[in-house]
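The values are calculated or read from the model by the stated rules, or taken from the named source; none is laboratory data. As the structure is a prediction and not an experimental result, all values here were calculated from the model. Here Cβ is always computed from backbone atoms with ideal geometry, including for glycine, and neighbour counts include all displayed protein chains.
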Amino acid sequence: DLMLARTRSNHLVLLDLPPTAIGQYHSVRLTGTTGSTFTGVVVLPVTAARAADRMAVL
């Protein structure tokens, strides 16, 4: 299932993540665009200490 996330600059990104990822932060690589929304893949989950610099899954 695709989940909707936001970048630090408030851009929308679609990611292939399970529902358990809601509320978690991840480092992602942007892979494309669907117009006003980006697509991306998760590079690695982020620990709470570095969460402020990463993307939140809504």
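Here are some conditions: (1) in contact with a Lys or Arg (Cβ under 9 Å, 6 or more places away or on another chain); (2) hydrophobic (A, V, I, L, M, F, W, C); (3) modelled with pLDDT under 85. Ala48 meets all but one. Which one does it not meet?
(1)
So is Ala56 surrounded by 10 or more Cβ atoms within 10 Å (Cβ to Cβ), modelled with pLDDT under 90, within 12 Å of the chain's Cα centre (by Cα) and not in a helix (DSSP H, G or I) or not?
yes
Out of curiosity, is Val13 among the β-branched types (Val, Ile, Thr) and at pLDDT below 90?
The answer is no for Val13.
I'd like the full set of residues that are loosely packed, with under 15 Cβ neighbours inside 10 Å and small (Gly, Ala, Ser), limited to region 1-19.
Scanning region 1-19 gives a single hit, Ser9.
Return the residues of region 19-41 that are modelled with pLDDT under 90 and under 12 Å from the mean Cα position of the chain (by Cα); say none if nothing qualifies.
Those that are modelled with pLDDT under 90 and under 12 Å from the mean Cα position of the chain (by Cα): Ala21, Ile22, Gly23, Gln24, Tyr25, His26, Ser27.
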